Amino acid sequence: MNISSSRSASGFRRFVVPVVVLLLIGSTLTSGAVNVSAQAAPAGIARQTAPATSSSSKIAAPTWSRTAEDIQAVIKENRIYYQSGSGLTAADASTGKTLWTYPKDSVVPVLLINRSLYTATKSGKIVKLNAADGKAIWSIKAPARKIQSSSEDYVLNELHAVGNVIYISDDAGVAQIDASSGKTIRNFPNLRGKLIGVYQNRMIVSTFVSGAYMRGILTAYDAKTGKMIREFDGDYYEIVGYRDHYAYAHHIPLGIDNGYGAIIDKIDLKTGRTVKRFNYLPVEYLDRSSSQKIIMFGNDFYIVQYGENSDRIQRIPLDAPSESKPESIYQASDMINDFSITGSTIAVLLNNNTTVVSDRKKGTTLASARTPSDHSVYAFSRLTIEKGKVFVQAKEKIHAVSISK
């Protein structure tokens, strides 16, 4: 099961205003520019250098760009679905041409199962749409909806699917509905927080507790009974991946001096206990050196730090001993604000508003495009690699960048 890959900024200490901390948690999700050394990159490292002046390496414009109100676009089978204005839009992913628009006051996120789309309206309706033409198949009242006033907009936190069951997470709890009929299966109105994933009959919920600092708490609940299994022993930004019956969570270090840039806890989902803590990337001052994003892909962790190492992607094998030396697999010409990996393709979003796509095995650049948006450390973003294109979602824009063959 994949957790949202939206940019998850995670490195500033939480002895700051709570609003900043809430931004750091974002899905999905997800630091100052640095100069790159002119020395040659070691073998196996993809090095993205400053663009040359020749026309062959000129930074291009995106294939197409559109305005979108939220970073929740879904791309599948050469179609992209996103919120634009007050409606839901389906477009051709190759050209950006609009195919249909569902004109209701929809809210994100959007869930795609086979050939059906699921979304919600501001009035508190869950709607199933035919993905081909945008026509409504059924509409139901959100099971956990508590209407306070007619002028209040419905707030949907997350939609998740496991088989034919849809999990609806909102401010009033978590509900399960049948994806075919919309019939309510179970309702857990007392389960508060944001549902960030469902794995092996466990609902993983994220909540915040304020005090001297904001704490990010992860709790596992039984998906059939709603009974709490255990609150995870730690303070976390996110779960970066799953393997067997274990979850790997990005731990938040409380100290601001000596420590590690990346702390990952291996949690047994059956008991909720941390069975192993991995301390990577020793640093002397955490505040500007901790990890802004960690991706678990295949059998490796891919990490981008803040500070002087924010211009590179570092790789550490899954379950490698603490303090294992990372391998630098990508070097950029500017600070990396977000990145995504699919197969041998790496897409990075740089601080200078450029998206660069590279073959990580060959070390060659496949595409480079100017994608203007707010890509600051506090901004949420998402990169999606899909069938010859990289879709960049940041602030109120979607950009499509074509990858050369």
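Given a Förster radius of 25 Å and the C-beta distance between Ala60 and Leu99 as r, what FRET efficiency does 1/(1 + (r/R0)^6) yield to the nearest 0.05?
0.50
Can you grab the distance from the C-alpha centre of region 288-325 to the C-alpha centre of region 333-363, Å, no decimals?
Taking the Cα centre of each part, region 288-325 and region 333-363 sit 15 Å apart.
If I take R0 = 25 Å and measure r between the Cβ atoms of Arg277 and Asn299 in this structure, what FRET efficiency does the formula 1/(1 + (r/R0)^6) give, to the nearest 0.05?
E between Arg277 and Asn299, to the nearest 0.05, is 0.85.
By the scheme Lys and Arg +1, Asp and Glu -1, what is the net charge of all other residues having a beta-carbon under 14 Å from that of Trp100?
+3
Values in this text are rule-based calculations from the coordinates and carry no lab data. Small disclaimer: the values here were computed from a predicted structure and weren't measured. Cβ coordinates were reconstructed from backbone atoms using ideal geometry, including for glycine residues, and neighbour counts include every protein chain displayed.
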